[in-house]
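Worksheet: one structure, shown below.
The values are calculated or read from the model by the stated rules, or taken from the named source; none is laboratory data. Predicted model, so just to flag it, every value in this text is computed and none were measured. Quick reminder, even Gly has a Cβ in these numbers, built from the backbone with ideal geometry, and neighbours come from all protein chains shown.
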Amino acid sequence: MDFKEHIVQKIIDITDLDREVVENAIETPPDEKMGDLAFPCFPLAKVMRKAPPLIAQELAEKLADDEIIDKAQATGGYLNFFLNREKVISSTINAVENSGSDWGKSDLGNGKTVLVEYSSPNIAKPFHIGHLFSTAVGNSLAKIYKHLGYNVKSLNHLGDWGTQFGKLICAYKKWGDREVIEKDPINELLKIYVKFHEEAEIHPELEDEARGYFKKLEDGDEETTALWTYFRDISLVEFKRVYDMLGVEFDSYNGEAFYSDKMDEVVDILKDKGLLTESDGAQVVDLSELNIPPCIILKSDGATIYATRDIAAALYRHRTYDFYKNIYVVGIPQSLHFKQIFSVMKRAGWDWAEGCEHVGFGLVKLPGKNMSTRHGDVVFLEDVLNESIEKTKEIIKNNGSNIDDIDDASKKIGIGAILYTFLKNSREKDIIFSWDTMLDFEGESAPYCQYGYARGRSILRKADGIDFKNADFSKAVSDETYSLVKHLGAFGDAVKDAADKNEPFYINRYVTTLTKLFNKFYNTNPIMRDDVDEETRKARLAIVDAVTTVIKTALNLLGIDTVESM
């Protein structure tokens, strides 16, 4: 049951206020002791020509007799509502039981397509720890939008085009050994790429040679195209291994190269609309009226750049998917780039460009580490994931945990710990990488939430054979139970908030609080103890079952798996 809606309708019935006014005014008091919901009576002062405290008192008297509202209390100019706790508990737990993993879902996105572009590593270069930020945020947003009923497409816009591939082809021709590369593709390609830059500092003419190879690639030269395809294919094999570890899947791997033959149309459209002007030999779109630097479409040598390709990609996506939203999960340093291309698309008269959004994120800070692939000093993501798994396995062994499949549990907990760290704060905040914080089983971490889930499942296993369906929840009313169940009911709002702001941390914050409330409930409301009567036990078991369902669902929206025992 939607208790907020019940109160909204009651207020409308006795005041004749517009629904929108009432819905926007209803709020949650800062302290649970002040009630479950509150309605400020100030909007009624002019209409009723009375002071808000008097209005609140009159309304409280009219709402005194209600099976859902236990008490309506006037406090100053506010009308505070205390709901019938048993009704809230029984209604919420039964609803979670009926919904299962669909709890918190809605049809908000019915008939609407959302595109989420994320991860997007450069081929033939390491998939490093910095790429995880985009991957974690994007994968979570894709799951969140799906939970809200949107048709979601996950796009991996690979960096597979540009002059760097001329450099790599040049390096391969000079120092590459296919047999050696086959054994360790990314590392070996990185070595020769780094060697190219070292040699180019001594022999600058290598830069011209590299540009020549990229020109051949652009012209469709058979040999250079075959090498580029080889680099792309072996890179994807390496990337997909990491994606499999993270449980990440994509609907498209169309990278920059895919749009290389679609840019001429963009240039022609912008010319036809009179948007292109010359600047130092380059063709640009003037955005000075928006206080934005001009967007370069063609360089002085006639070559296209990232902006041209991204506009071509957006146009292709509009025609292919007719999207409601086209979300780009790309680092904050690219903010100006997206302001420019979105502005160009709007000036071109493409109304659908309003649905394009840049979802920026901060930096990953690793003490003493520089992530520039030009110098080869980079932290491979796969190495970090494997190290987290091994550290987790060691913790589990030292704790003497009785886990059947320690390898599976270590993988889920170890990887979950890293994902949680990347999602626990606003995405615009930088991440300070710390093993101690990530693998803390007591603090705000994935292991803490996973342990709460595992504890709940352990209780349910001990209660095997007890039928707690149709439990009498009058036996389970307590302060701890009520706080816990009310939070269960707020899951749908957390999912909507996460989508509205493109911030997965709303889910992260929600599941962490849920786990804390569950631990408090567990410690103050005994379940399997001998002195607990049968009906009370059944009611509390039903609550445990509902809580574990929601913890698992919430963690799943973050891309984090649960384990049945820890």
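Points worth noting:
- Within the range 346-359, the residues that satisfy the criterion of being in a helix (DSSP H, G or I) and either within 13 Å of Arg317 (Cα to Cα) or in contact with a Pro (Cβ under 9 Å, 6 or more places away or on another chain) (or both) are Trp352, Ala353, Gly355.
- Output for the range 259-294, where each listed residue is out of contact with any Cys (no Cβ under 7 Å at 6 or more places or on another chain) and in contact (Cβ under 8 Å) with a residue 60 or more places away in the chain: Ser260, Ile269, Leu270, Lys273, Leu275
- The residue list Val47, Val116, Val21 contains one member that is more than 28 Å from Ala542 (Cα to Cα), surrounded by fewer than 17 Cβ atoms within 10 Å (Cβ to Cβ), aliphatic (A, V, I, L, M) and within 35 Å of the chain's Cα centre (by Cα), which is Val21.
- Residues that are more than 35 Å from the chain's Cα centre (by Cα) and surrounded by fewer than 17 Cβ atoms within 10 Å (Cβ to Cβ) within the range 272-302 comprise Asp272, Lys273, Gly274, Thr277, Glu278, Ser279, Asp280, Gly281, Lys299, Ser300, Asp301, Gly302, listed in sequence order.
- Test: residue in the range 521-530 that is among the β-branched types (Val, Ile, Thr), surrounded by 18 or more Cβ atoms within 10 Å (Cβ to Cβ) and touching a Phe, Trp or Tyr at 6+ places or on another chain (Cβ under 8 Å): no
- Within the range 35-57, the residues that satisfy the criterion of being assigned to a helix (DSSP H, G or I) and modelled with pLDDT of 90 or more are Pro52, Pro53, Leu54, Ile55, Ala56, Gln57.
- Summed over the range 134-168, the residues that are out of contact with any strand residue (DSSP E or B) (no Cβ under 6 Å at 6 or more places or on another chain) and in contact (Cβ under 8 Å) with a residue 60 or more places away in the chain give a count of 15.
- Scanning the range 223-269 for residues that are of a type in the set (Asp, Glu), within 20 Å of Arg309 (Cβ to Cβ), in a loop (DSSP other than H, G, I, E, B) and under 27 Å from the mean Cα position of the chain (by Cα) turns up just one, Asp251.
- Wholly enclosed strands (runs of 3 or more DSSP E) of the range 68-170 bearing at least 1 residues within 24 Å of Val248 (Cα to Cα): 113-117, 151-155
- Ala471 vs. criteria among the small types (Gly, Ala, Ser), over 19 Å from Lys33 (Cβ atoms) and assigned to a loop (DSSP other than H, G, I, E, B): yes
- Within the range 51-98, considering residues that are of a type in the set (Gly, Ala, Ser) and touching a strand residue (DSSP E or B) at 6+ places or on another chain (Cβ under 8 Å), the one surrounded by the most Cβ atoms within 10 Å (Cβ to Cβ): Ala56
- Test set (1) over 13 Å from Ile93 (Cα atoms); (2) assigned to a helix (DSSP H, G or I); (3) among the charged types (D, E, K, R) - Lys486 fails condition number: (1)
- Taking the range 276-295 as the range and being touching a Ser or Thr at 6+ places or on another chain (Cβ under 8 Å) and in a strand (DSSP E or B) as the test, the residues that pass are Ala282, Gln283, Val284, Val285, Cys295.
- Qualifying residue in the range 190-210 (condition: closer than 23 Å to Phe505 by Cα, surrounded by fewer than 20 Cβ atoms within 10 Å (Cβ to Cβ) and in contact with a Gly (Cβ under 8 Å, 6 or more places away or on another chain)): no
- Subset of the range 528-542 (residues that are under 20 Å from Glu97 (Cβ atoms) and over 38 Å from the mean Cα position of the chain (by Cα)): Glu534, Glu535, Thr536
- Criterion violated by Lys429 - all others in (1) under 24 Å from Ser91 (Cβ atoms); (2) in contact (Cβ under 8 Å) with a residue 24 or more places away in the chain satisfied: (1)
- Scanning the range 517-566 for residues that are assigned to a loop (DSSP other than H, G, I, E, B), touching a helix residue (DSSP H, G or I) at 6+ places or on another chain (Cβ under 6 Å) and among the hydrophobic types (A, V, I, L, M, F, W, C) yields Ile527, Met528, Leu558, Ile560, Val563, Met566.
- Condition check for Tyr213: under 37 Å from the mean Cα position of the chain (by Cα), under 23 Å from Thr225 (Cβ atoms), in contact (Cβ under 8 Å) with a residue 40 or more places away in the chain and assigned by TED's automatic domain parsing to the domain that holds Leu236: no
- When Thr562, Thr548, Thr553, Thr536 are checked against the criterion of being modelled with pLDDT of 95 or more and either touching a His at 6+ places or on another chain (Cβ under 6 Å) or outside the structural domain of Ser458 (by TED's automatic domain parsing) (or both), a single residue qualifies: Thr562.
- Val384 being modelled with pLDDT of 95 or more and surrounded by 17 or more Cβ atoms within 10 Å (Cβ to Cβ): no
- So Tyr451, is it closer than 15 Å to Ile507 by Cβ and touching a residue at least 60 places away in the same chain (Cβ under 8 Å): no
- Residues of the range 101-129 satisfying the condition of being touching a strand residue (DSSP E or B) at 6+ places or on another chain (Cβ under 6 Å) and among the charged types (D, E, K, R): Glu117
- Residue list for the range 446-459, filter: among the aliphatic types (A, V, I, L, M) and in contact with a helix residue (DSSP H, G or I) (Cβ under 6 Å, 6 or more places away or on another chain): Ala446, Ile459
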